[in-house]
Amino acid sequence: MSQSLITGSPWRVILAFSVPLLIGNVVQQVYQIADTIVVGRYLGVESLAAVGATGSLLFLLLGFAWGLTSGFAIPTAQAFGARDHAAVRRSVAAGTILTAVVTVVITALAPLISGPALALMQTPDELMAEATTFTQISFLGAGAMMFFNYLAAIIRAIGDSRTPLVFLTISCGLNIGLVLAFVGAFGWGVAGAALATVLAQTLSVLMCLEYVRRRLPVLHVRREDWSAARHDLREHLRLGLPMGFQASIIAIGTITVQVALNTLGTDAVAAYTTGSRVDSLAIAFLQSLGLAVSMYAAQNLGARRPDRIRRGVIQATWLALIAAGLLGVFMIVLGASIVRVFIGDGSDAVVELAHGMLIVNGATYTLLGVLFVIRGALQGLGHTLIPTVTGIVELVMRAGAAIALGGAMGFIGVALSNPLAWLGAVALLVPAYVREYRRLGGMTVNPIEVTATTTIPIIGPTDGSMVVDAVVTAPIPVVKPKRGIRRVR
């Protein structure tokens with residue numbers, strides 16, 4: 001069921017919202033972990049490296065799709081926070097149209113460029129055949145990933161972070177069963193691993209659609225809503241495209257890292273693949289906290305509660321710092337043992353390299369925690385410029401460090417590219433949010449109650465990244481201000 005993020009203790013609301021996101025994020029990693037364990041155990045290190053060699057290329061396009069659909073949900077959250085149900089429906093219609101268009105483009109074009117792109121990345125010849133197969137099947141099933149991410153995003157936008165977790169957990173169980181059957185029993189190799197994930201994600205889409213139909217009338221699009229105004233589509237693209245490009249920019253940096261790894265040999269690729277799987281589990285809470293802050297900021301912006309945004313972001317930052325410290329210690333102490341779960345015995349060189357990467361990342365998780373929270377807050381408030389610029393900074397620093405340090409220090413030099421990229425992004429994000437914090441402090445707090453037919457003006461940033469042109473078309477009854485809150489005159 002939908003719930004409001006505009007009441008209650010900010011840190012409690014954000015934490016409660018982020019916990020299902022955390023579990024869902026971990027469950028989603030199980031998709032990849034299941035592939036990694038089964039492929040590594042049944043097919044060997046070379047096949048494991050082949051699957052790992054596709055990670056950056058998949059992230060380039062599928063990461064763009066994830067960022068895009070997350071951006072499409074921000075206007076939905078703002079409209080829901082303002083209690084403007086008509087705007088919620090229009091937002092859902094606009095986002096659905098745009099998600100369908102992007103799905104068609106990716107499904108049609110991405111499989112065709114898989115082979116040439118992997119070759120351009122200097123993928124070792126012995127890995128090319130399996131890597132190409134895995135990539136092409138994954139791209140052909142991109143529609144399932146696109147629509148699950150979009151449906152989950154709009155369900156979360158109205159305050160429900162638990163239901164997508166339930167559906168994801170069910171589909172993950174199916175994925176594990178399918179990958180064991182396709183790879184272990186049927187002998188379909190890496191193709192079976194990719195196909196298992198696509199089928200499992202398709203099930204999650206069907207479950208989301210049925211849940212929306214039965215339980216969430218606020219998201220039911222009416223016939224007239226499909227005739228989306230040009231402004232609706234433009235506004236969704238304005239928020240979605242920068243978030244998508246940001247993910248792609250980061251992915252380009254990751255591709256550079258992959259190229260540097262490919263020159264270091266199969267052990268280095270396998271170590272980075274395995275280390276990244278473990279690392280992604282460790283940082284899942286930080287990612288979830290960032291997404292929760294984004295939805296929290298968007299709903300409170302729509303509800304005209306800048307005071308809650310200011311308090312919530314500060315409290316979420318402390319949560320991120322505490323979690324990052326604990327996660328870092330865990331990875332440094334137990335990282336090697338966890339890596340062995342993936343690849344078994346007899347690969348000591350791979351374990352040593354992967355653990356070194358986990359030590360480097362674990363020692364700097366605090367940077368990543370701040371990055372996720374501040375970036376999520378700015379995105380929820382409608383900012384696009386600074387988050388996009390920080391993506392470019394990450395690209396430059398990650399690519400430069402991977403090439404320069406990788407050549408001088410080998411694998412550990414490539415691993416250092418991650419914290420250096422995080423440091424560069426944080427150096428820009430913190431001053432940007434300090435300015436936004438001051439701007440929010442100067443805004444008048446005006447909690448409102450609206451009807452479903454009332455159009456609410458969206459309060460946007462002042463850095464030129466958002467145009468405010470909505471018009472109030474019906475009287476807005478204002479609730480009696482609480483003590484200490486100024487009434488708008």
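Observations on the structure shown:
- For region 17-23, putting each phi into the Karplus relation 6.51 cos²θ - 1.76 cosθ + 1.60 with θ = phi - 60° gives couplings of 6, 7, 4, x, 5, 4, 4 Hz, in residue order, rounded to whole numbers and with x for Gly and Pro.
- A 1.4 Å probe, protein heavy atoms only, puts the accessible area of Cys172 near 10 Å².
- Fraction of accessible area attributable to carbon and sulfur, region 282-348 (%, probe 1.4 Å): 69
- Computed from backbone phi, the HN-Hα couplings of region 256-261 come to 4, 4, 4, 4, 4, 5 Hz, rounded to whole numbers (Karplus: 6.51 cos²θ - 1.76 cosθ + 1.60, θ = phi - 60°; Gly and Pro given as x).
- Test item: Cα-centred dipole of region 32-184, Lys/Arg +1 and Asp/Glu -1 on Cβ, debye: 740
- Remark: the chain carries 39 Å² of accessible area per residue (probe radius 1.4 Å; ligands, DNA and RNA excluded).
- For the chain, the fraction of alpha-carbon pairs in successive 20 Å shells from zero, as %: 24, 57, 18, 1
- Farthest toward the positive end of the dipole of region 165-254, out of Ile249, Ala191, Leu209, is the Cα of Leu209, where the dipole comes from beta carbon charges about the Cα centre.
- Alpha-carbon centroids, region 354-389 and region 97-152: separation in whole Å: 26
- As a ratio to 2.2 N^0.38 Å, the alpha-carbon radius of gyration for region 349-440 is 1.23.
- Using Cβ point charges alone (K and R +1, D and E -1), the dipole size of the chain about the Cα centre works out to roughly 2760 debye.
- Cα-based Rg / Dmax (Å) for region 265-355: 18.3, 59
- Centroid-to-centroid separation of region 156-175 and region 266-341 [C-alpha atoms, Å]: 19
- Percent RCO, i.e. relative contact order, over the chain, from Cα pairs under 8 Å lying at least 6 residues apart: 23
- Helix-only [θ]222 nm of the chain, DSSP H runs n ≥ 4, -39500 (n - 2.57) each, per residue, nearest 500: -26500 deg cm²/dmol
- Each residue was assigned an accessible area with a 1.4 Å probe, and for Tyr433 the value is about 20 Å².
- Dipole-positive endmost among Ala284, Phe330, Ser9 within the chain (Cβ charges, Cα centre): Ser9
- The Cα-based radius of gyration and maximum Cα-Cα distance (Dmax) for region 263-417 are 17.9, 59 Å.
- In the chain, taking the dipole from charged Cβ atoms about the Cα centre, the farthest positive-side position among Leu120, Leu368, His231 is held by His231.
- Test item: Cα-centred dipole of region 146-277, Lys/Arg +1 and Asp/Glu -1 on Cβ, debye: 360
The values are calculated or read from the model by the stated rules, or taken from the named source; none is laboratory data. Source: prediction; values computed, not measured. Cβ coordinates were reconstructed from backbone atoms using ideal geometry, including for glycine residues, and neighbour counts include every protein chain displayed. To get the accessible areas, we keep the full protein, side chains included, count just its heavy atoms, and leave off ligands, DNA and RNA. Shrake-Rupley method; radii C 1.70, N 1.55, O 1.52, S 1.80 Å.
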